[in-house]
Amino acid sequence: MLGFLQRPVVVTADINLNVVALTAVGLLSRLWQLSYPRAVVFDEVYYGQYISFYMKRIFFLDGSGPPFGHMLLALGGYLGGFDGNFLWNRIGAEYSTNVPVWSLRLLPALAGALSVPMAYQIVWELGFSHCAAVGAALLILIENSLITQSRLMLLESVLIFFNLLAVLSYLKFSNSQKHRPFSPSWWFWLMLTGVACSCAVGTKYVGVFTYLLVLGVAAAHAWHLIGDQTLSNVRVLCHLLARAVALLVIPVLVYLLFFYVHLLLLCRSGPHDQIMSSAFQASLEGGLARITQGQPLEVAYGSQVTLKNVFGQPVPCWLHSHQSTYPMIYENGRGSSHQQQVTCYPFKDVNNWWIVKDPGRHELVVNNPPRPVRHGDIVQLVHGMTTRLLNTHDVAAPLSPHSQEVSCYIDYNVSMPAQNLWRLDIVNRESDTDVWKTILSEVRFVHVNTSAILKLSGAPLPDWGFRQLEVVGEKLSRGYHGSTVWNVEEHRYGRSQEQKERELELRSPAQMDASRNLSFMARFSELQWRMLTVRSDDSEHKYSSTPLDWVTLDTSIAYWLHPRTSAQIHLLGNIVIWASASLATLVYALLFVWYLLRRRRRVCDLPEGCWLRWALAGALCAGGWAVNYVPFFLMEKTLFLYHYLPALAFQILLLPVVLEHVSGRLCRSQLQRSFFGALVVAWFASACHVSNTLRPLTYGDRSLSPSELKALRWKDSWDILIRKY
Amino acid sequence: MRKGIRRGWDETHFGKMGSYYINRTFFFDVHPPLGKMLVGLAGYLSGYDGTFLFQKPGDKYEHHSYLGMRGFCAFLGALLIPFAYLTVLELSQSLPAALLTAALLTFDTGCLTLSQYILLDPILMFFIMAAMLSMVKYNSCANRPFSAPWWLWLSLTGVNLAGALGVKFVGLFIILQVGWNTLSDLWHLFGDLSLSMVTVGKHLTARVLCLIVLPLALYTATYAVHFMVLNKSGPGDGFFSSAFQARLSGNNLHNASIPEHLAYGSVITVKSARMAVGYLHSHGHLYPEGIGAHQQQVTTYLHKDYNNLWIIKKHNTNSDLLDPSLPVEFVRHGDIIRLEHKETSRNLHSHYHEAPLTRKHYQVTGYGINGTGDSNDFWRIEVVNRKFGNRIKVLRSRIRLIHLVTGCVLGSSGKVLPKWGWEQLEVTCTPYLKETLNSIWNVEDHINPKLPNISLDVLQPSFPEIMLEAHMVMIRGNSGLKPKDNEFTSKPWHWPINYQGLRFSGINDTDFRVYLLGNPVVWWLNLLSIALYLLSGSIFAVAVQRGARLPAEVEGLSQVLLQGGGQLLLGWMIHYFPFFLMGRILYFHHYFPAMLFSSMLTGLLWDTLLRLCAWSLASFSLAGHVHALGILSLLLGIAYSFYLFHPLAYGMVGPLAQDPRSPMAGLRWLESWDF
């Protein structure tokens, strides 16, 4: 207990100077002249707008990735005191003085710098020599594309950092497994693996592939653990539980935490509100919340409501009607009922108001006490401004002839009776007697006579319909689809007996009081779902490329060009490193298959320990490359060269592993070994030379002459920008 | 069994293709030809004359003899049951398991419905099951390698694989399964040190021969037959390249005689060099408001049509170049030309507006009145890899059209336009001058009365080229089957839970209705079994890995469960999960191959579990009956549920099921079933 009185307090510092030196050069390479250029470079224009939203705490929706990466960038802005006032609209625009460029770019640069010592540690933890480990770190250090990518407000370097961190901490964990299971450091690295995995996923969705890889390796190790009969059953169970908690539960929790913070930060309404459901919008400050705040919750007979379509494609819109009627004869010769048009209108308008009416009564006001409408009740919907009733009948709809026309009924006395009864079907009800609730209830209107369902077909009507969207009665409805579901957005209890008064009432803004909030899980699931399904413009880009171009570096991206000189930043890889990394992967695969086949025939070229190291290095490095590369072949979005960088980082780690193996195992004599060593040195020198040659394009600090630029254009497909004077 | 005198649903499709074979007219379909060929053959043998029109579902067959085609499909469908029976018997060595499987499939309304009609699915499932059966058989011959039955089953597996792939591309999944099985088999042989490398080499060669070479040869042979039989021009011509079309008699490129060099005033069609993109097309419809300029649409279109015709004109004169008094003037590489759409007299035009879908490109429109437009109508015509001043050859020259004002290149993006563009493909003018097939065109038809027609023996494509092209076109066709917005589509997760069926024929309550829906008892039992299997399988696997010593009887059962069941589970997964990745439109019936595997797994699992139950209760006197009783009650339950649901398959009349008067009233267990 009081041991420290008897023995002196000793701190043994065990500092690996390799790591320190590598960190230092890593920082130097990434942080040097970080705030140059003081202009928007490439995708900064994209991420920058989200940073501004965070600074102003305005809600936005970005389908490109989860919020953790954006939040990290925003953290840089917060630390630098950025107020969010900058118009991110053009690549190359000069930053105004209020933009703290250095601190905005700091976090990605730090992530990039720390990847260098981490590469060293990973190769070391894999059980290879210091020399190989230093080699891996130096290759990461001088890889031009990684430098370029980490010196800007971009997320790839952050993703690579967390990918490597996940692998490194898993390796540390599994190495301490042999000696000291359940020790504090064992727990620390295990937990860190889980956290790093969810950070990687939280930065970009593609991080999930590294997560799956780590899970796979962990599962294989766990399976061996189960087979280890020296451990008791209870101990095996403890091991499995600890892994399950750290690698499955914790990542989920951390991922949720990102969204929690994200939603906590973004509490004001903004430009992307419209995509979200009414309930979500109401939970944001300003915007819809300002209107809906204080609305009565339960819809009653006599309520005045606006009905928003839940699906909201192609645009969010509200059920609408107006004085105009359907044309007698359409362009294609079909006839219509010539009754009042019912459409879906994407703007707020007084004609969006409808009154819920009890078919058995005449009045259009709410009784006291209000009689709430329940699931299964028969209602009529009265259009507020024209007092006509929502109606559908066996007439083909204008643009979707297989569905029924929906109109507001006008009695022309032509033996076409009114069919205006609708049964209310609350889709998300908890019981069959649920009350129709404002915003929260998703309802379908089922036509009583024809059992057609009120549906937004999404087709824009021609000029006679003012290009509003078509609404139809769908007879062949199959299952749930958002386009048949509506929710009440604005709502108030109608008080006016007379039509004139009522029109005035409709025009006045709704006001009343009561507040309700969505739970975090509901907001999370909606936001996540919308993020995954929001459609991005997958248009061809000038610098877009295909995965096949990446391995051979047949593509490049011009990031920035100095407004006057030829100084430019260009995403280009170090071609020597790319080529040799690909070659190393190939050599690894061939050697692996060869060893595997020989082992199967009981010919063991490698001792057991060496084989296991070799296999694990392959599983993590070659595997890391494969899982971060192959899925892109299946993706349909626009792809760029920088998508390859996470895969490249893993591939580079494999390079010294293969070199060491070749020199240690395949070179038989000392002479061969020395010769191979000399080759490696020559190769490394050439990599350094290439890196140095491309340096002006990486940092963009020096303006090259057109002839120098032309000389750098080693491949025809590299679009290096050359100014014409 | 075949009362339905009206045709149901997809019969319109595949029945029609059977007719095409009988009439020998060329057509295009997204599936490989074997299935339709077999249908056609069956029809031919049974005396069907191929004259029925197959226009829309619900037409009556009247006097046409369609029973041969239906009978053929039904026969193959019926064979599934003995195949499944034999497979399970082989895997489990247990009669009750096999009987249970057979009962599950016999009493499943879905399988029954699907095999009653002229569809590809019964044929596909037949080949899948036959491949599975022969694979299992040859696995059990493993102790007698290179014996006659071993060779027989191995080569039968190969034959059936070719069959499965030849019917639909999803046959690829069973190939994956067989491939996986073969690899693990070889891996075991390779690890067996008692076998010399020569023997292992022999094993490898035998498998390469029977499972790779043989199926490939057969698959290629089906295509050879396909192209040989279909030698007349038909509705599918436009999908293929000009060279391909020259093979088809009746096509105007067959023994073509057309003017060889392009001249001003000629009427031409322009075809994209990219496969399955089609002809440059325009029609009297405008781009909708808000999408570029409100001018006439220009698209590419796969079918032959008058709207594909363009007149090639000089950029600066509008005189009638076909005036016989004027000398013929040839178009040369590098000339500035104008292309006038023949039907609407508008010029091919481009300008700095973004294209409708590919936003980075410029929009291409039809502009001008009676051929008078502006300078945005001028295009420079260039032949790829040619010098200035050369004449341009019809069919053979690969040309590019470069817009003079903006410098962009006319290309097709291959994207499908929305409804306003009639789902034709987008044409853009791309500012990126990278040379891709998208921006290369060739002139196909060429009409110029002033020029002599020269018989062109157009480069006859070789057979491998035809194969490659046919596959490219099919793949494009498949990926083009995208679900539309606002449409209710079937999702893969719907299928195992039997969420929603498919109406085969009849909608209203007066019609004779057939509804494709699995027997819910069977399907939900299958679903439960998969969960149970995963549970019991992992318990056994962990027990084995922990080195637990099992009694001999349990050991045997666990072997059946892990190995036999594992194969079936793999089959189910391979035939089910890839659909989650597919972008194309999916239908409920895509699940049926997976359902076969899942039913076999159910049979095997319940038999094993009941045996285990009986074993663990061995101390009780009634233990021996647990197994028998369990199997019997399952059989009876399934049979009874079939009695309840059989009208789905055999057809129902009367009101819909939500009506209490309907005979099916109480059976609408899920709201999403709409029979």
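Odds and ends about this structure:
- Each stretch of four or more DSSP H residues adds -39500 (n - 2.57); spread over every residue of chain B, this sum gives -14000 deg cm²/dmol at 222 nm.
- Within segment A:398-429: backbone nitrogen closer than 13 Å to the A:Thr386 label point (7 Å, Cα to C-beta): A:406-412
- By the rule of a C-alpha distance below 14 Å, with chain neighbours fewer than 8 residues away ignored, the aspartates and glutamates paired with B:Lys360 are A:Asp537, A:Asp538, A:Glu540, B:Glu426.
- Helix-derived mean residue ellipticity, 222 nm - over chain A, DSSP H n ≥ 4, -39500 (n - 2.57), to 500: -14000 deg cm²/dmol
- For chain A, hydrophobic long helices are taken as DSSP H runs at least 15 Å long by C-alpha position along their axis with mean Kyte-Doolittle hydropathy of 0.5 or more; these are A:17-31, A:67-79, A:101-125, A:130-142, A:156-179, A:184-203, A:207-227, A:233-244, A:250-265, A:575-600, A:645-661, A:670-693.
- Sequence of B:Cys429, A:Cys238 from largest to smallest accessible area, 1.4 Å probe: A:Cys238, B:Cys429
- In chain B, the longest principal axis of the Cα atoms and the axis of helix B:520-545 are about 70 degrees apart.
- A Förster radius of 51 Å, combined with the Cβ-Cβ distance separating A:Gln274 from B:Leu209, puts the computed FRET efficiency at roughly 0.20.
- Gyration tensor (Cα) of segment A:1-141, equivalent ellipsoid semi-axes in angstrom: 38, 21, 15
- The modelled label-to-label distance for the pair B:Tyr650/A:Ala682, using points 7 Å beyond Cα in the direction of Cβ, is 8.5 nm.
- Pairwise label distance in nanometres, A:Gln177 with B:Thr372, each label 7 Å out on the Cα-Cβ vector: 8.3 nm
- Shape class for the protein assembly as shown, computed from the alpha carbon gyration tensor (a ≥ b ≥ c): rounded, with a/c under 1.5.
- Tensor-based shape of chain B (alpha-carbon gyration tensor, a/c under 1.5 rounded, otherwise prolate or oblate): prolate
- Virtual spin-label span in nm between B:Leu216 and A:Cys667, 7 Å along Cα→Cβ: 4.1 nm
- Rounded, prolate or oblate (a/c below 1.5 giving rounded, otherwise prolate when a/b exceeds b/c) for segment A:596-721 by Cα gyration tensor: oblate
- Solvent-accessible area, 1.4 Å probe, carbon plus sulfur percent, for segment A:228-360: 63 percent
- Chains A and B together bury roughly 3100 Å² of accessible surface, counting both sides and using a 1.4 Å probe on protein heavy atoms.
- Rg and Dmax of segment A:219-302, based on Cα coordinates, read 24.0, 75 Å.
- Listed by chain and number, the aspartates and glutamates whose C-alpha is less than 18 Å from the C-alpha of A:Lys475, apart from same-chain residues fewer than 8 away, are A:Asp394, A:Glu405, A:Asp425, B:Asp485, B:Glu487, B:Asp509, B:Asp511, B:Asp659, B:Glu671, B:Asp674.
- FRET efficiency for A:Asp463 and B:Trp422, using Cβ-Cβ distance with R0 set to 22 Å, rounded to 0.05: 0.65
- Extension gain, A:Asn692 back to A:Arg7 (0.36 nm per residue minus Cα-Cα distance, nm): 241.2 nm
- The residues of segment A:602-644 occluded by other protein chains by 30 Å² or more of accessible area, set against the chain on its own, are A:Arg602; surface from heavy atoms, 1.4 Å probe.
- Along each principal axis, taking the top coordinate minus the bottom one, the Cα set of segment A:408-502 gives 42, 39, 29 Å in descending order.
- Average accessible area per residue (Å²) across chain B - probe 1.4 Å, nucleic acids and ligands excluded: 42 Å²
- Straight-line cross-link reach from B:Lys202 at under 15 Å between alpha-carbon atoms covers these aspartates and glutamates, not counting any fewer than eight positions away in the same chain: B:Asp185, B:Asp192.
- Protein accessible area in segment B:593-657, 1.4 Å probe - carbon and sulfur %: 75 percent
- Over 19 Å between alpha carbons, listed pairs B:Lys168/B:Lys232; A:Lys455/A:Lys500; A:Lys637/B:Lys271; B:Lys393/B:Lys450; B:Lys419/B:Lys491: B:Lys168/B:Lys232; A:Lys455/A:Lys500; A:Lys637/B:Lys271; B:Lys419/B:Lys491
- Per chain A, cysteines lacking a partner by the 4.7 Å Cβ criterion: A:Cys131, A:Cys197, A:Cys199, A:Cys238, A:Cys267, A:Cys408, A:Cys604, A:Cys610, A:Cys621, A:Cys667, A:Cys688
- Charge tally for A:Pro346 (other residues, Cβ to Cβ under 12 Å; Lys, Arg +1; Asp, Glu -1): +2.
The values are calculated or read from the model by the stated rules, or taken from the named source; none is laboratory data. Everything numeric in this text was worked out from a predicted model, so none of it was measured. Glycine gets a Cβ as well: all are built from the backbone with ideal geometry, and neighbour counts include every protein chain shown. These area figures cover heavy atoms from the full protein model, side chains too; ligands, DNA and RNA do not enter into them. Shrake-Rupley method; radii C 1.70, N 1.55, O 1.52, S 1.80 Å.
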